[in-house]
Amino acid sequence: MSAEPARAYFGISEVLDQLHAEFPDVSVSKIRFLESEGLIQPARTASNYRRFTAVDVERLRYILTAQRDQYLPLRVIKDQLDAGDDNHSPRRPGRYPVLAGGPGRTPPLTRRELLEATGAGENRLAELEEFGLVRRSGRHYGQDALDATRAVLALDGYGVQARHLRVLRAAAERETALIEQVVAPVLRQRSPGARERAGQTAREIASLVLALHTALIEAALADAGFPDQGPGQAGA
């Protein structure tokens with residue numbers, strides 16, 4: 001018996017099924033928004049239902065990865081995609097550039113490497129260091145510096161200035177002090193591996209603190225009257 005032929009088109013709910021494992025927050029409303037911003041252009045049936053190809057799904061995966069891992073604003077992502085469309089045959093899978101960074105840890109970077117990886121200028125990086133938003137260890141910068149620089153540059157697109165972000169640094173320092181207080185008894189233990197256990201516990205607590213922080217912001221935005229981006233119903 002011959003193998004079942006590959007699907008040529010997918011409905012929007014089927015696209016969500018393909019993306020949810022990697023991007024659990026993606027929703028129908030999110031996909032519709034990306035379409036309204038011109039980042040994707042799915043085909044339409046005679047009944048006006050969206051029909052996505054494998055390349056459309058690949059394009060969505062690229063967009064969502066760039067937002068999650070590099071904090072890029074949509075206008076920058078669109079420029080990258082448009083440049084890829086100009087330089088490659090249309091609708092050919094795998095044509096999008098590989099995104100730098102991502103969930104893996106980045107090896108220590110020199111100052112020049114950090115500037116090249118983020119596109120930040122020397123004066124801009126100096127400003128971020130002055131405000132305590134970017135820190136280095138010795139002569140090198142770690143993953144935290146890379147992530148922070150990218151996030152701040154993305155916020156530039158929304159008119160958020162670095163001096164406005166000092167409150168976030170202060171909040172992070174208070175949260176870190178709380179975590180240190182909780183794991184202090186583990187650090188005082190003399191048993192082998194105590195420091196490793198303390199580090200693991202600290203990161204587990206930090207993950208929970210970040211989840212709570214996100215939930216509190218979501219609640220505050222809802223109270224302010226902003227619509228959420230929760231999962232939408234399947235459909236066109």
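Coordinate-derived values only; no laboratory data. All figures in this text were calculated on a predicted structure; none of them were measured in a lab. Glycine gets a Cβ as well: all are built from the backbone with ideal geometry, and neighbour counts include every protein chain shown.
Using a ≥ b ≥ c from the Cα gyration tensor of the stretch 12-87 (square roots of the eigenvalues), is it rounded, prolate or oblate, where a/c under 1.5 gives rounded and otherwise the larger of a/b and b/c decides, a/b for prolate?
On the way: a/c = 1.81, a/b = 1.21, b/c = 1.50.
It comes out oblate by the Cα gyration axes.
Given C-alpha coordinates of the stretch 105-160, what is the ratio Rg to Rh with the Kirkwood estimate of Rh? Walk me through the numbers on the way to the answer.
Values: Rg = 10.4 Å, Rh = 11.2 Å.
Answer for the stretch 105-160: 0.93.
Per-residue 3J(HN,Hα) values for the stretch 13-25, derived from phi via the Karplus relation 6.51 cos²θ - 1.76 cosθ + 1.60 with θ = phi - 60°, read 5, 5, 5, 4, 4, 6, 9, 4, 4, 8, 10, x, 8 Hz in sequence order (x marks Gly and Pro). Taking 7 Å along the Cα-to-C-beta vector as the label spot, tell me the V55-N123 distance in nanometres, rounded to one decimal. If labels sit at V55 and N123, their model points lie 4.3 nm apart.
Rounded to the nearest Hz, the phi-derived 3J(HN,Hα) couplings of the stretch 180-194 under the Karplus curve 6.51 cos²θ - 1.76 cosθ + 1.60 (θ = phi - 60°) are 4, 5, 5, 8, 4, x, 5, 5, 7, 5, 9, 6, x, x, 4, where x marks glycine and proline.
Sorting the Cα pairs of the stretch 165-227 by distance into bins of 5 Å, from 0 upward, gives 4, 17, 19, 19, 15, 10, 8, 5, 3, 1, 0 percent per bin.
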